[in-house]
Structures are given as C-alpha cells and as structure tokens.
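For reference, the structure discussed in these notes is given below.
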Amino acid sequence: MSTLREYLTSERPASRQQARWGQYYRQWRALKQNPLALLGLVIIIALLIVAAVAPWISPYDPIAQNLSQRLLPPSAAHWMGTDELGRDILSRVIYGTRLTLAVVLLVVISVGPVGLLIGTLSGYFGGVVDTVLMRVTDIFLAFPRLVLALAFVAALGPGIENAVIAIACTAWPPYARVARAETLVIRNADYIAAVRLQGASHLRIVLRHVVPMCLPSVIVRTTLDMAGIILIAAGLGFLGLGAQPPSPEWGAMIAKGREYIFDQWWVAAFPGLAICLVALGFNLFGDGLRDVLDAR
C-alpha cells in the first residue's frame, strides 16, 4: 500500500500515466476533505444502485393497479402508501430513478459535446465565427429554459423522447459560454503558439489542445446543471408533456397527487422528496467538484 501511495504522490512521475493517476489521487484526497461533497457523491451512487437493482428491490409492480387498496397511508405493507389507483408509491419511486437517470444521461451526453465544441470554436477563431455563434447562443439564453422547453415539446408532442430533445435544445448555451471563456485565455498561451508553429491544423489544435483544457470547467458545469435538468424534466412531467402514464415519472406522480394533497399527502410528498434529495445530491457534489477542479 505504501508503494502505491509513493507511486501516486511522486513529485517526479516517470510517465504520463503516472502523472495522470497522481493527479486523480490528489483530487480524490481533496474531495474527501469536503463532507458535503461526499454526501452528494453518496446520494448519486445510491441513485445509480437503486436504478440498477430496481426489479429486485421493488416490492410491487409499479404499474399494477389494485383499486381495493387505493390511497392507503404509509404502513408496513406499503412503506410510502398507495396512489389513487392502488399502486405502491415506493415501487413507483424506485422505478422512477431509472427514468430520471436516463433523462439526465441522455441530455448530458448530447449537450456537453455540442456546447463544448461551439464554445471552443467561437473562442479560438473569434471574429465573424465568434459573433455568429454567440449571437445564436444569446437567442437561446434570452428565454427561460422551462418556457423554451415547453415550446419545443409543444411542437414535437408529449413523450419522454421529445422531452429529452427539448431539454437538450435549451441546455447547451451555458456550456458554450463556459468553454468560450476558457478558450479565450488558452488560445494565447505559449504552448498553443508552439504547436501552431509546428504546423498543426486549427482542427487538431482545438481538439487535442484546447478542448482538454476546457473539460474540467465543463464537467463542473455539467454536474451542477444536472439538478436543473431533473427539475425541468419533472416540470414537463407535471404538466403532462414528459413521460406519459402509466410510466412512474416523479413529476407526473406529483401532478396526480396534487388532487389529494390535503387529505392523502403522501401521494405527492414522497415523489417530491425524491426529486429534492437527488437535486441536492448533484448540487453538493458539483460544489465540491468545482473546488477540486479549479485550477486557481
């Protein structure tokens, strides 16, 4: 163990791989010193585990109806009670983690590279390219994200796939802004000038030297943005424009539960608590990750 620690903490790494693993180790040590960031990481890992083992830990079928047991309060048989159709809320919340995780991953996978590429191209080339790309970005930033997502979903139609497309179309501008700001600093660096003098093409410089330097800021922005993505997806589901019944989507569950909020509070309270907990986890982890990856 001591040999491994010496390998990771060496001030004179013998290879790029050793330097990279040493950097990861130092970042992990810095992250461990932030208890709130660790709490957020635990929540995220728990979300992943619950989504992976949902069929085995769910006590009931999430879409099976039993009208004889509708609107039962929390009990030993139904830890979170039942909804208006007699479905077990705990089972629906557990399966809802899969939908939530799928939406977040699909949006991040599609939005991150697009925003990163637009931002780096805008900051690197400047001039007309920068003006055109940033004015398009400003147009998207001029509208509230939920309002713009509602407009896209209204045009595409309700459904989880269209909700993902709508959220992705509204989520990329902040990534482009962050990447552009980083690129404006990096493009004048000495090592970029050296690579350019060696005959490297603009595309190679952007992809091999600029984009890797912008990645930490974009990763932090992505982590902090996941809570917003979850809230927008839940908002679309609440309005009936996201996942359609009988899918166990948290926003749609809250929309159904609002009719019983005063007498049967558990129908809406537990899905709302799940949204709050997951959003809190991503925010806490994002804050800690920002402190660790900040070059300053």
Within segment 54-64, can one find any residue that is buried (at least 17 other Cβ atoms within 10 Å of the Cβ), touching a residue at least 60 places away in the same chain (Cβ under 8 Å) and of a type in the set (A, V, I, L, M, F, W, C)?
no
Going by the structure shown, is R258 assigned to a helix (DSSP H, G or I), modelled with pLDDT of 85 or more and either of a type in the set (K, R) or out of contact with any His (no Cβ under 7 Å at 6 or more places or on another chain) (or both)?
yes
Just need a number here: residues in segment 27-85 that are polar (S, T, N, Q) and under 30 Å from V292 (Cα atoms).
3
If you check I205, I165, I139, I192, which single one turns out to be out of contact with any strand residue (DSSP E or B) (no Cβ under 6 Å at 6 or more places or on another chain) and closer than 30 Å to V278 by Cβ?
I165
Go through segment 1-44 and give me each residue that's loosely packed, with under 14 Cβ neighbours inside 10 Å and either touching a residue at least 40 places away in the same chain (Cβ under 8 Å) or touching a helix residue (DSSP H, G or I) at 6+ places or on another chain (Cβ under 7 Å) (or both).
T9, S10, K32, L36, V42
Matching entry among A142, A151, A179, A194 (being modelled with pLDDT of 85 or more and either touching a Ser or Thr at 6+ places or on another chain (Cβ under 6 Å) or buried (at least 19 other Cβ atoms within 10 Å of the Cβ) (or both)):
A179
Restricting attention to segment 95-130, report how many residues are within 25 Å of the chain's Cα centre (by Cα), aliphatic (A, V, I, L, M) and farther than 22 Å from E161 by Cβ.
4
Can you tell me which of (1) surrounded by 15 or more Cβ atoms within 10 Å (Cβ to Cβ); (2) of a type in the set (F, W, Y); (3) over 14 Å from R98 (Cβ atoms) is the one W250 doesn't meet?
(3)
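Residues are listed down the side, and each one gets a yes or a no for (1) without any contact (Cβ under 8 Å) to a residue 24 or more places away in the chain; (2) of a type outside the set (A, V, I, L, M); (3) closer than 30 Å to L71 by Cα:
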position	(1), (2), (3)
L90	no, no, yes
L106	no, no, no
G123	no, yes, no
V153	no, no, no
T170	no, yes, no
Regarding segment 43-51, can at least one residue be identified that is over 30 Å from A166 (Cα atoms) and touching a Leu at 6+ places or on another chain (Cβ under 7 Å)?
no
With the structure loaded, tell me whether A163 is in contact with a helix residue (DSSP H, G or I) (Cβ under 8 Å, 6 or more places away or on another chain) and either among the aromatic types (F, W, Y) or buried (at least 20 other Cβ atoms within 10 Å of the Cβ) (or both) or whether it fails that test.
yes
Among the residues of segment 257-271, count how many are surrounded by fewer than 19 Cβ atoms within 10 Å (Cβ to Cβ) and either over 20 Å from S75 (Cβ atoms) or not acidic (D, E) (or both).
7
In the set L184, L224, L203, which member is within 19 Å of L133 (Cβ to Cβ), in contact (Cβ under 8 Å) with a residue 60 or more places away in the chain and assigned to a helix (DSSP H, G or I)?
L184
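The values are calculated or read from the model by the stated rules, or taken from the named source; none is laboratory data. These numbers were taken from a predicted model, which means no experiment stands behind them. Every residue, glycine among them, receives a Cβ derived from its backbone with ideal geometry; neighbour counts consider all protein chains shown.
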